[in-house]
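The values are calculated or read from the model by the stated rules, or taken from the named source; none is laboratory data. Quick caveat, the model's predicted, so the values are computed rather than measured. Cβ placement follows ideal geometry from the backbone for every residue including glycine, while neighbour counts extend to all protein chains displayed. Side chains included, ligands, DNA and RNA excluded: accessible areas come from the protein's heavy atoms. Shrake-Rupley method; radii C 1.70, N 1.55, O 1.52, S 1.80 Å.
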Amino acid sequence: GERSEIFAHGGARETAAQLGLSELTVRHGRAEAFGRGEGREQFAVAITRALAPGNIAFEILLPLVQIGGVAAIIAGPNSTKWLDAAARTATELGGAQPEVRPVVWPGLERDVRLVLIRKLTPTPEGFPRDMRRIKKDPARA
């Protein structure tokens, strides 16, 4: 089969092994650095949990995604608080407006949704900024 590549934190290798994904390369590091370098616009899909507000997460994800691909955040009900800022980031970084889809899963008792942004144009140079600058001025994007 075709070999796939994943850029991940934590137990990605263990998860891949449990799922029987042998044709997989796992890469570790700072996603924002990877998005400025060899990982720039290389992936059909980039996905994360909502560990930061959406505008910050999408600034990191969108540079990784190729045109026509999708950046996605697995989010909870607080995503409504950052959706407008995420929409502004999407516009600046080459993405469409965010689309929110509920996640329905048997036994899932939490309010979970996917916030999706399709990549329309290349991300401008200078993005993603390093995390220190993103945290200092998250509203820029």
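Worth a mention:
- Qualifying residue in the range 10-19 (condition: within 13 Å of the chain's Cα centre (by Cα), on the phi < 0 side of the Ramachandran plot and of a type outside the set (Gly, Ala, Ser)): no
- Only a single criterion out of (1) within 25 Å of ALA12 (Cβ to Cβ); (2) touching a residue at least 40 places away in the same chain (Cβ under 8 Å); (3) more than 15 Å from the chain's Cα centre (by Cα) is not satisfied by ARG88, namely (1).
- Residue in the range 113-121 that is among the hydroxyl-bearing types (Ser, Thr, Tyr) and surrounded by 12 or more Cβ atoms within 10 Å (Cβ to Cβ) present: no
- Single residue of the range 122-134 satisfying the filter (under 17 Å from the mean Cα position of the chain (by Cα) and outside any helix (DSSP H, G or I)) that is surrounded by the most Cβ atoms within 10 Å (Cβ to Cβ): PRO128
- Summed over the range 42-76, residues that are open to solvent by 50 Å² or more (accessible area, probe 1.4 Å) and in a loop (DSSP other than H, G, I, E, B) total 3.
- Tabulated pairs, the range 43-61, first among the basic types (Lys, Arg), second open to solvent by 60 Å² or more (accessible area, probe 1.4 Å), C-beta under 7 angstrom, 6+ apart or interchain: ARG49/ILE74
- All positions within the range 88-102 that are open to solvent by 50 Å² or more (accessible area, probe 1.4 Å) and assigned to a loop (DSSP other than H, G, I, E, B): GLN97
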